[in-house]
Amino acid sequence: MRRKIIGLTLAIGLTGALLGVLGTTGVWQDAAEWAGLDAAATTTGRTSPPPAQTSVEVVTVPDNPARPPNTPGPQPEPKLDKNGKPICAADPSYFDKKVDGLKDAAEQAWKRARQAAWEAGLTLCVHDGKRSTASQQAEFDAALALHGSAAKARQYVLPPEKSLHVKGLAVDVQPRASAAWLERTKGEFGWCRRYANEPWHFEYSAGYQSGGCPELLPHP
């Protein structure tokens, strides 16, 4: 009986020593981690703190943002003189005619340019736009009488069959500061100045928007 007790005591002592060695060398901790246990919980009886929660701020962007407060709205319609003709708001010595006689693409492009100029603080006035064949012929005949030859007259006024005013693809822009602004857009809106001797005359082409304005011609 005494031998059994001594043997049991020795067995318990050896087991304790073995556990101490395993704990010291980290083998027990590795085994615990391999088994999916928390080492701190195994050795101290405490659990690790949960991971910190990350908050995500959700920003809602409106589908239709408000217009910037300092951007002016649509340009008002020009006032009429005593004869019912629209007056250029920037210079009453010029008209500001409607452009509904232009080709559809040219009309829409002009309206975009006009609004952009308005937002830049300028007024683009159409002193002359679409002309009838009879009106263009009358202007050419007057130039012919003044200059004495068709060749000379053509440097200032084209005959109806050559005029883009008749085709609905040209406008005469006033005042000069407004025409100069439009020229600086370099075809961005499809409108380009075409003649060196006519700083007010602009012609429309969709190709100007991608290719820019061609070089100025000396005259029509």
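Taking a ≥ b ≥ c as the square roots of the eigenvalues of the Cα gyration tensor of segment 105-155, is the shape rounded (a/c under 1.5), prolate (a/b larger than b/c) or oblate? It is prolate, given that a/c is not under 1.5 and a/b is the larger ratio.
How many Å² of accessible area per residue for segment 78-134, probe 1.4 Å?
Values: 3320 Å² over 57 residues.
Roughly 58 Å² per residue, with all protein chains present.
Largest to smallest in accessible area, the residues ARG184, ARG193 fall in the order ARG184, ARG193 (1.4 Å probe, all protein chains included).
Computed over segment 77-188, the P(r) curve from all C-alpha pair distances, binned at 10 Å from the origin, holds 14, 38, 35, 12, 0 percent per bin.
Let me make sure I get this right: for segment 181-220, a, b and c are the square roots of the gyration tensor eigenvalues over alpha carbons, sorted descending. Under 1.5 in a/c it's rounded, otherwise prolate if a/b > b/c, else oblate. Which is it? Could you put the intermediate results ahead of the total?
Details: a/c = 2.12, a/b = 1.62, b/c = 1.30.
Because a/c hits 1.5 or more and a/b exceeds b/c, segment 181-220 counts as prolate.
Counting only C-alpha contacts under 8 Å and six or more residues apart, can you give the relative contact order of segment 70-151 as a whole percent?
26 percent
Taking label positions 7 Å along the Cα-Cβ direction at both LYS152 and LEU216, the computed distance is 2.4 nm, reported to one decimal.
Excluding ligands, DNA and RNA, what is the solvent-accessible area per residue of segment 155-220 at a probe of 1.4 Å, expressed in Å²? Walk me through the intermediate numbers first.
Values: 3010 Å² over 66 residues.
On a per-residue basis, segment 155-220 sits at 46 Å².
Give me the percent of the accessible area of segment 89-220 that comes from carbon and sulfur atoms, probe 1.4 Å, all protein chains in place.
It is 54 percent, rounded to a whole number.
Heavy-atom accessible area, probed at 1.4 angstrom with all protein chains present, ranks PHE95, PHE140 as PHE95, PHE140, highest first. Put a dot 7 Å past the Cα of GLN115, heading toward its Cβ, do the same for THR133, and the two dots end up 3.6 nm apart.
Within the full protein context, the accessible area of GLU139 is estimated at about 70 Å² for a probe radius of 1.4 Å. With a Förster radius of 30 Å applied to the beta-carbon distance between ARG176 and GLN209, the computed FRET efficiency rounds to 0.80. Here the spin labels are modelled as points 7 Å beyond Cα on the Cα-Cβ line, and at ASP141 and ASP104 they lie 3.5 nm apart. Cβ-Cβ distance of GLU77 and GLU198, R₀ of 30 Å, FRET efficiency by 1/(1 + (r/R0)^6): the value works out to about 0.65. When the residues ASP96, ASP141 are ordered by accessible surface, computed with a 1.4 Å probe over the protein chains alone, the sequence from largest down reads ASP141, ASP96.
In terms of its C-alpha gyration tensor, segment 152-220 comes out prolate, because a/c is 1.5 or above and the ratio a/b outweighs b/c.
Taken as Cα centroids, segment 152-187 and segment 98-139 sit 10 Å apart, rounded to the nearest whole angstrom.
The values are calculated or read from the model by the stated rules, or taken from the named source; none is laboratory data. Computed from a predicted structure; not experimentally measured. No Cβ is skipped: glycine too gets one built from the backbone with ideal geometry, and neighbour counts run over all protein chains shown. Accessible surface areas use protein heavy atoms only, side chains included; no ligands, DNA or RNA. Shrake-Rupley method; radii C 1.70, N 1.55, O 1.52, S 1.80 Å.
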